[in-house]
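Engineer: Below is a structure I'd like to ask you about.
Derivation of every value follows stated rules applied to the coordinates shown; laboratory data play no part. Bear in mind the structure is a predicted one, so any value in this text is a computation, not a measurement. Please note: Cβ atoms are built from the backbone with ideal geometry, for glycine as well, and neighbour counts cover all protein chains shown.
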Amino acid sequence: MKLRETSSFLAGLIFGLGLAIAQMTNPAKVLGFLDIAGAWDASLLLVLGGAVGVAVVAFHRILLRPHPLFADRFDLPAKKNIDARLVIGAAIFGVGWGVGGYCPGPAIASLASPSWETWVFLPAMFLGSALQKITFARKSTIRRAQASTPG
């Protein structure tokens, strides 16, 4: 295995362990955090605050480099505007997280100690992702065909 793949694997492993230690892989814990009007469990606020603090400092310093350690360039999004697709996707993600108690990273990390919820959530997540890609690819093809058709 190459150095880039090995470092990606180790970073993912550390990320997954952090999610498990912080109990982000426990849907009941996450739902308790999201229930601000009920029996709110604020403990994940420390996890979130720590992650945001580290990310703000680390990303600023990392992006000052000419390129990542194991790649030729940074793969940053070129699109900067907020559009309907982004807002709708964020809303669907938020509702799914609030209903299921999982987001993608912790759901995948939950495979280390799977429950029936994990086995329901993950296929649904991958199916939703595939449907989005198919739908977006189809719309892009239609737009290109319309643009190339003389008027």
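Engineer: Calculate the dipole size of segment 40-123 relative to its Cα centre from +1 charges on Lys and Arg beta carbons and -1 charges on Asp and Glu beta carbons; express the result in debye to the nearest 20.
Structural biologist: Numbers: 6 positive and 5 negative charges, 80 e Å.
Once rounded to the nearest 20, the dipole reads 380 debye.
Engineer: Quick one: angle between helix 3-21 and the longest Cα principal axis of the chain, in degrees between 0 and 90, rounded to 10, please.
Structural biologist: Between the helix axis and the principal axis of the chain, the angle is about 50 degrees.
Engineer: Could you pull out every one of the lysines with an alpha carbon less than 28 Å from that of LYS80, ignoring same-chain neighbours closer than 8 positions?
Structural biologist: Cross-link targets: LYS133, LYS139.
Engineer: Next up: Between helix 84-100 and the chain, what is the angle of the helix's C-alpha long axis to the longest principal axis, kept within 0 to 90° and rounded to the nearest 10?
Structural biologist: 30 degrees
Engineer: Another question, if that's okay. Find how much the distance from GLN132 to VAL57 grows on full extension, using 0.36 nm per residue of separation minus their present alpha carbon separation; answer in nm with one decimal.
Structural biologist: Working: separation 75, 0.36 × 75 = 27.00 nm, distance 3.32 nm.
Extending this stretch completely gives an extra 23.7 nm.
Engineer: Taking a virtual spin label 7 Å from the Cα of PHE9 along the C-beta vector, which residues in segment 101-138 bring their backbone nitrogen under 20 Å of it?
Structural biologist: Counting only backbone N, you get 108-113.
Engineer: Let me know the Kirkwood hydrodynamic radius for segment 1-103, please, with Cα pairs as the basis and the value in Å to one decimal.
Structural biologist: On the way: mean 1/r = 0.0605 Å⁻¹.
Kirkwood radius, segment 1-103: 16.5 Å.
Engineer: Given a Förster distance of 30 Å, report the FRET efficiency between LEU69 and LEU17 from their Cβ-Cβ distance, rounded to the nearest 0.05. If you can, show how the numbers build up before the last one.
Structural biologist: On the way: r = 21 Å, r/R0 = 0.70.
The value I calculate is 0.90.
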